[in-house]
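Just so it is clear, none of the values below were taken in a lab; they were calculated from the coordinates. A quick note: this is a predicted structure, and the numbers were derived from the prediction, not measured. All Cβ positions, glycine included, derive from the backbone under ideal geometry; neighbour counts span all protein chains shown.
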Amino acid sequence: MRAIVVGAGIGGLAAVLSLRRAGHEVTVVEQASRFAEVGAGLQLAPNATRVLCRLGVLDAVAARAARPSHVNFRTWSDGSEICRYALGREVEDAFGAPYLQVHRADLHRVLAARVPPGSLRLGTVVVGIEQDDETARVTTAGGERLAADLVVAADGVRSAARRWLFGSDDAVFSKTAAYRALLPADKVKDLDLPATGIWLGPDRHFVHYWVRGGELLNVVGVFRAKAAQESWTARAEPGEQMREFDGWDSRVLKVLERAGRVFRYGIHTRAPITRWSVGRVALLGDSAHAMVPFQAQGAAQAILDAAALGDALTDATPSEAAEALGHYVRLRLPTATSMQTRSAQAGEDFHLPDGPEAEARNARMAAYAAAHGFMPQATAWAADA
């Protein structure tokens, strides 16, 4: 079949590779005129890296990633350890694929390199999608009408395709925002930092982990906010992050103080919906299920969408496109929707005020770590195999 993928982000590019692996001809259209190094760190659990292996790109991604041995959860004020969970060899042995931490641009670059140049159209803005019983068509701002047997819309949290298919349904501000920064290793080498650390505190949490094989420390400080712009490039005011995390463990403050360029972005989501496809057109990734990042599964779920899409369309013919897309949705929608809910709940748990509830959470986490060794969400790493 002929397929058009709208959007060349992580999910869109993974969808291209998965559809090509299934034997189909794919064109991907992207509104950006060039790929820029935007974003920062991503955590890829075994459910995602298992798919990257199937797509033939895992080795290339792993070569530029970090492989953490474990993650430490700590209290916000003094940094005392709540618990630690294994992320290293134990995870790979148990789930058949590694846990990787990678710069988004490195993952994107590897995926893009596997797309044939003739299949990629940059600087192409899509202004409409329509279909009939036999064909789906994409209309561009330049007036072209590109025809295919099916269209996959991977156009992000502000998805126009979702609006065209299902009506007005705007992205929702999660009432949380985040500071993010990347620090060279030599800026923090004197600090006693765990390889991967998460500090939990009232209305805030702080995350750090290595990317690019340990060359850069990825830093994310999440906080409650009344409003915040959704942007990859919006800069924080000088010292703003220090005021927001005033009183936190000295290691957190030292990292934030040394961060240099700090970006500030509002975390937006989409409400769960019960359909992702209409006929020959389907949603994928954030356009279908944008979630808060508190289970580190946003990119992973888009990659899993791509895998399920390819599986559903293997051996499918043009007349079976709509049925195959419906099968893809049935495979993925329940799991992705559940992850949206779990991610939101994790944010509530991370941000509890000091007191009995936070103490109970800490005790619960410590007991789970002692009994199981892996994080509770590791059950999803196996279920998505």
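Of the strands (runs of 3 or more DSSP E) lying entirely inside the range 114-213, those carrying at least 1 residues that are of a type in the set (V, I, T) and touching a residue at least 60 places away in the same chain (Cβ under 8 Å) are 126-131, 136-140, 150-153, 172-184, 196-201, 204-211. For the range 346-366, the set of residues classified as surrounded by fewer than 11 Cβ atoms within 10 Å (Cβ to Cβ) and either in contact (Cβ under 8 Å) with a residue 60 or more places away in the chain or under 17 Å from E81 (Cβ atoms) (or both) consists of P353 only.
Inclusion of Y265 among residues that are aromatic (F, W, Y) and under 30 Å from G197 (Cα atoms) is warranted. Please indicate, with yes or no, whether at least one residue in the range 249-269 is under 17 Å from the mean Cα position of the chain (by Cα), polar (S, T, N, Q) and closer than 19 Å to G41 by Cβ. Checked the range 249-269: no residue is under 17 Å from the mean Cα position of the chain (by Cα), polar (S, T, N, Q) and closer than 19 Å to G41 by Cβ.
Which count do you get for residues in the range 237-252 that are buried (at least 20 other Cβ atoms within 10 Å of the Cβ) and assigned to a loop (DSSP other than H, G, I, E, B)? Counting residues in the range 237-252 that are buried (at least 20 other Cβ atoms within 10 Å of the Cβ) and assigned to a loop (DSSP other than H, G, I, E, B) gives 3.
A residue that is in contact with a helix residue (DSSP H, G or I) (Cβ under 9 Å, 6 or more places away or on another chain), assigned to a loop (DSSP other than H, G, I, E, B) and more than 14 Å from F73 (Cα to Cα) cannot be found anywhere in the range 228-235. Restricting attention to the range 74-105 and to residues that are part of a loop (DSSP other than H, G, I, E, B) and either in contact with a Phe, Trp or Tyr (Cβ under 6 Å, 6 or more places away or on another chain) or of a type in the set (D, E) (or both), the residue that is surrounded by the most Cβ atoms within 10 Å (Cβ to Cβ) turns out to be L87. Counting only helices (runs of 4 or more DSSP H) that sit completely within the range 278-380, those holding 3 or more residues that are within 21 Å of A148 (Cβ to Cβ) correspond to 298-313, 321-350.
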